[in-house]
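The values are calculated or read from the model by the stated rules, or taken from the named source; none is laboratory data. Just so you know, these numbers come straight off a predicted model, no measurement behind them. FYI the Cβ positions are ideal-geometry reconstructions off the backbone, even for glycines, and counts take in every protein chain you see. Keep in mind that these areas ignore ligands, DNA and RNA; they rest on the heavy atoms of the full protein, side chains included. Shrake-Rupley method; radii C 1.70, N 1.55, O 1.52, S 1.80 Å.
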Amino acid sequence: MIKGLLSRRFVLLDGFVGLAGALGCVRPAGQFARQKNAVIVANPNAFEAVLSFRLHLRIAMKTIVCRIGVIARAVVPAMALLAGTAAQAQTPTPVPPVQTPAQAPKPALARPVLTMAPAPPRPADFLPPAFHRAQRERVRALLPPHGVAVVFAAPVRNRANDIDFIYHQNPDFYYLTGYEEPDAVLLLFKEPRTVAGQPGVTEALFGQPRNPAAEQWTGRRRGASSVREQLGLQFAADNTAFATVGVAWADFDQILFPDLPADTSDDPKKPADLASLVATFRQQSGLPASYDPARTVIYKTLKRYGLTQADDARALLQELLVERPALADDASVKAYLAATTKAQRRLAISPNPPGRYDGATLGEIMDELREIKSPEELVLLRRAITISTTAQREVMKSLRPELGEMAVQGLHEYVYRRYGAEFQGYPSIVGGGANGCILHYEANDRLRLDNDLLLMDCGAEYHGYTADVTRTAPPSGTFSPAQRQIYELVLAAQEAGLAACRPGNPFSAPGRAAQEVVAQGLARLGIIKKKDDFRLYFPHGTSHYLGLDVHDRGRYGPLAAGQVITVEPGIYIPAGAPCDAKWWNIGVRIEDDILITPTGYENLSAGAPRTVADIEKLMTEPSALEGWQLPALK
């Protein structure tokens with residue numbers, strides 16, 4: 001694979017050394033050095049070497065194929081300089097090679113670039129531009145006067161060497177725009193502004209420019225015109241314009257932004273990559289280098305709870321200081337912690353205005369918006385969940401003791417793709433026996449399941465929205481007596497949690513109801529002696545929001561119609577636990593995706609069986625996945 005030809009990393013030495021014997025035309029790589037947007041040739045003869053390399057590349061291809069991933073990262077920038085593709089990539093003019101008076105400039109070698117055909121139509125059930133536009137307007141309505149919201153796209157993350165992970169957009173960015181490419185920034189203005197001479201602008205997106213050479217390797221880009229015409233953004237420009245478009249940052253009383261991307265690397269081939277966009281924002285907005293969003297969180301917490309719930313506010317403040325010890329020197333923090341009276345606490349809180357730079361409030365706005373799902377979102381969530389429950393059913397029918405965890409994972413994920421789900425919403429958890437007692441087990445490498453219970457926590461992601469469904473089943477087709485007792489205890493706990501899923505109940509109500517059942521049941525079975533010891537075997541919460549993230553945004557306040565949450569009690573008893581050995585290596589979790597309705601709840605994942613009787617009956621039926629006979633590997 002030669003994706004390294006457009007890699008973001010810069011390895012110049014290893015590839016040339018490896019080619020020297022094959023081509024005999026490339027001088028030691030130490031003659032070359034690179035700066036951002038330019039290739040500086042430090043030795044006059046090196047320029048000839050690059051030309052010679054290009055002319056001999058076709059002849060030597062078979063010899064160098066094992067080195068190509070490393071070499072390409074060093075050679076292609078020089079080739080691009082010679083071929084003139086830098087102009088097509090819309091990068092600044094490269095610095096010419098150092099020349100002696102006797103040298104004349106070498107002519108550029110033309111390399112044709114094919115323009116990709118337009119993309120075929122996407123499925124019609126993606127969220128429409130009107131949905132994203134409505135969410136942008138909701139954000140604007142919640143901004144303070146003379147405020148601006150700044151949202152960055154997600155970073156590109158490296159897997160290894162010159163291979164990146166499949167790109168996944170920042171869910172907030174996607175929710176507001178529908179834009180799925182990296183190296184972008186969105187601005188939302190409370191009041192209309194003039195941007196690049198265009199008056200009345202309330203929203204502006206700066207994204208990747210069109211680049212035929214890059215698109216030939218890594219796929220089509222929208223470009224500014226598509227962002228305007230197809231996504232419906234009022235103002236769109238190439239990301240290279242962000243630094244020069246003249247945003248009047250000094251005119252904003254408040255600048256709201258979420259956590260700034262920290263895991264970014266500055267790509268010398270991209271003058272407006274994410275690292276550059278963030279740096280431009282910091283410099284032009286005047287954001288202090290010492291700014292810590294946790295300070296804003298502390299001030300907001302003290303203003304909200306510091307007088308009415310002083311003990312809770314103090315405890316939360318002390319927890320935050322463990323993570324951010326530098327904030328202990330803040331004058332208000334020290335004064336609040338030293339206060340012994342309400343008047344002293346009020347005095348400690350009062351000097352703190354919201355601040356011009358606010359790294360907390362935009363996150364709270366997105367929590368509020370994304371917590372309640374629109375009808376359009378529910379269509380996609382239902383689809384993702386139906387695909388996932390179909391996979392659970394087919395895999396249960398296919399389970400055999402001789403199967404391994406990885407094979408079961410593959411069956412789940414094949415069904416997802418077969419029904420049009422682009423990804424899984426999170427790494428599939430497929431754990432048999434002892435592995436099922438690991439809450440987020442992801443290795444999935446046990447070769448045989450034998451007769452241990454198999455816990456399958458898997459969810460399809462459909463058009464960005466993810467399911468989260470867990471079932472536990474016996475590969476043999478029949479629960480043992482001990483397995484059945486633990487399973488039915490977890491099922492009873494889930495039923496209690498589901499009964500608590502009613503609008504107006506605290507978000508914690510399903511969890512508390514499930515915990516009570518688990519505690520009583522473990523004591524009845526003799527697994528625990530004290531009721532509070534249930535946490536040894538049920539160490540996690542019971543519910544979280546579900547949507548664009550598997551652990552989606554929300555405020556964790558009272559349950560309300562339109563929320564989609566999980567209800568997922570579990571019991572996990574590893575070998576060596578302080579109980580009868582007959583319970584060891586039994587791990588059970590049952591998880592369903594629940595829509596809160598005006599009168600109660602709807603179980604969106606009810607299509608996958610939950611009771612012992614229904615599971616055992618289903619496992620006697622034939623599966624569409626059976627009958628695959630792959631050839632033996634030699």
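Candidates in the range 450-469 are the residues that are of a type in the set (Asp, Glu) and more than 24 Å from the chain's Cα centre (by Cα); of these, the one that is farthest from residue 432 (Cα to Cα) is 450. Of everything in the range 607-634 that's open to solvent by 10 Å² or more (accessible area, probe 1.4 Å) and touching a Ser or Thr at 6+ places or on another chain (Cβ under 8 Å), which residue is farthest from residue 446 (Cα to Cα)? Ranking the qualifying residues of the range 607-634, first place goes to 607. Across the range 280-308, the qualifying residues are those that are of a type in the set (Lys, Arg) and either surrounded by 17 or more Cβ atoms within 10 Å (Cβ to Cβ) or not in a helix (DSSP H, G or I) (or both), and the one among them that is nearest to the chain's Cα centre (by Cα) is 295.
Here's the yes/no breakdown for (1) touching a Leu at 6+ places or on another chain (Cβ under 8 Å); (2) farther than 29 Å from residue 253 by Cβ; (3) open to solvent by 60 Å² or more (accessible area, probe 1.4 Å):
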{"position": "316", "(1), (2), (3)": "no, no, yes"}
{"position": "319", "(1), (2), (3)": "no, yes, yes"}
{"position": "327", "(1), (2), (3)": "yes, no, no"}
{"position": "332", "(1), (2), (3)": "yes, no, no"}
{"position": "337", "(1), (2), (3)": "yes, yes, no"}
{"position": "342", "(1), (2), (3)": "yes, yes, yes"}
{"position": "348", "(1), (2), (3)": "yes, no, no"}
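Among residues that are surrounded by 14 or more Cβ atoms within 10 Å (Cβ to Cβ), more than 14 Å from residue 490 (Cβ to Cβ) and in contact with a strand residue (DSSP E or B) (Cβ under 6 Å, 6 or more places away or on another chain), residue 588 is not included. Taken over the range 163-177, the criterion of being without any contact (Cβ under 8 Å) to a residue 40 or more places away in the chain and of a type in the set (D, E, K, R) is satisfied by no residue. Whether a residue is over 27 Å from residue 133 (Cβ atoms) and either in contact (Cβ under 8 Å) with a residue 12 or more places away in the chain or not in a loop (DSSP other than H, G, I, E, B) (or both) was assessed, and residue 277 does not pass this test. On the basis of being in contact (Cβ under 8 Å) with a residue 12 or more places away in the chain, in contact with a helix residue (DSSP H, G or I) (Cβ under 8 Å, 6 or more places away or on another chain) and in a strand (DSSP E or B), does residue 150 make the cut? Against the criterion (in contact (Cβ under 8 Å) with a residue 12 or more places away in the chain, in contact with a helix residue (DSSP H, G or I) (Cβ under 8 Å, 6 or more places away or on another chain) and in a strand (DSSP E or B)), residue 150 qualifies.
Where residues in the range 231-274 are in a loop (DSSP other than H, G, I, E, B) and without any contact (Cβ under 8 Å) to a residue 40 or more places away in the chain, which of them is nearest to residue 137 (Cα to Cα)? Among them, the one singled out is 234. Only residues that are touching a residue at least 24 places away in the same chain (Cβ under 8 Å) and either over 20 Å from residue 270 (Cβ atoms) or not in a helix (DSSP H, G or I) (or both) were counted in the range 220-230, giving 4. Limited to the range 390-414, what total is found for residues that are open to solvent by less than 10 Å² (accessible area, probe 1.4 Å) and touching a residue at least 60 places away in the same chain (Cβ under 8 Å)? Matching residues across the range 390-414 total 5. You will find that of 311, 266, the residue that is surrounded by fewer than 16 Cβ atoms within 10 Å (Cβ to Cβ) and touching a Ser or Thr at 6+ places or on another chain (Cβ under 8 Å) is 266 and no other.
The set of residues from the range 350-363 being outside any strand (DSSP E or B), open to solvent by less than 70 Å² (accessible area, probe 1.4 Å) and not hydroxyl-bearing (Ser, Thr, Tyr) comprises 352, 355, 359, 360, 362, 363. Scanning the range 119-136 for residues that are touching a residue at least 60 places away in the same chain (Cβ under 8 Å) and either open to solvent by 80 Å² or more (accessible area, probe 1.4 Å) or more than 30 Å from residue 382 (Cβ to Cβ) (or both) turns up just one, 133. Test residue 370 against the stated conditions and say whether it is surrounded by fewer than 20 Cβ atoms within 10 Å (Cβ to Cβ) and under 30 Å from residue 422 (Cβ atoms). Considered against the rule, which asks whether it is surrounded by fewer than 20 Cβ atoms within 10 Å (Cβ to Cβ) and under 30 Å from residue 422 (Cβ atoms), residue 370 comes out as no.
Residue 379 passes every criterion in (1) crowded, with 19+ Cβ neighbours inside 10 Å; (2) among the aliphatic types (A, V, I, L, M); (3) at pLDDT 90 or above apart from (1).
With respect to the conditions (1) in contact (Cβ under 8 Å) with a residue 24 or more places away in the chain; (2) open to solvent by 50 Å² or more (accessible area, probe 1.4 Å); (3) closer than 28 Å to residue 488 by Cβ; (4) of a type in the set (Asp, Glu), residue 468 lacks only one, and its number is (2).
Is there a residue in the range 282-302 that is modelled with pLDDT under 95, closer than 22 Å to residue 142 by Cα and of a type in the set (Phe, Trp, Tyr)? Scanning the range 282-302, I find at least one residue that is modelled with pLDDT under 95, closer than 22 Å to residue 142 by Cα and of a type in the set (Phe, Trp, Tyr), so the answer is yes. Quickly run through the range 217-231 and pick out the residues that are open to solvent by less than 60 Å² (accessible area, probe 1.4 Å) and under 19 Å from residue 197 (Cα atoms). Passing the criteria: 224, 225, 227.
Scanning the range 555-576 for residues that are touching a residue at least 24 places away in the same chain (Cβ under 8 Å), over 20 Å from residue 458 (Cβ atoms) and open to solvent by 10 Å² or more (accessible area, probe 1.4 Å) yields a count of 9. Taking the conditions exactly as written (β-branched (Val, Ile, Thr), within 30 Å of the chain's Cα centre (by Cα) and not in a loop (DSSP other than H, G, I, E, B)), does residue 472 satisfy them or not? The answer is yes for residue 472.
The residue pairs whose first member lies in the range 527-545 and is open to solvent by less than 50 Å² (accessible area, probe 1.4 Å), whose second member is among the polar types (S, T, N, Q) and assigned to a helix (DSSP H, G or I), and whose beta carbons are closer than 8 Å, counting only pairs six or more residues apart or on different chains, are 534/515; 538/515; 542/515. Evaluate the following for residue 443: is it of a type in the set (Gly, Ala, Ser) and surrounded by fewer than 16 Cβ atoms within 10 Å (Cβ to Cβ)? Yes: the conditions hold for residue 443.
List the strands (runs of 3 or more DSSP E) inside the range 565-631, counting only whole elements, that have at least 1 residues being of a type in the set (A, V, I, L, M, F, W, C).
570-573, 586-589, 592-596
Can you find a residue in the range 366-375 that is of a type in the set (Gly, Ala, Ser), within 22 Å of the chain's Cα centre (by Cα) and outside any helix (DSSP H, G or I)? Yes, some residue in the range 366-375 is of a type in the set (Gly, Ala, Ser), within 22 Å of the chain's Cα centre (by Cα) and outside any helix (DSSP H, G or I). If the condition is being within 21 Å of the chain's Cα centre (by Cα) and part of a loop (DSSP other than H, G, I, E, B), then the range 544-562 contributes 544, 546, 547, 548, 549, 550, 551, 552, 553, 554, 555, 556. Taken together, the residues in the range 250-277 that are over 19 Å from residue 294 (Cα atoms) and not polar (S, T, N, Q) amount to 15.
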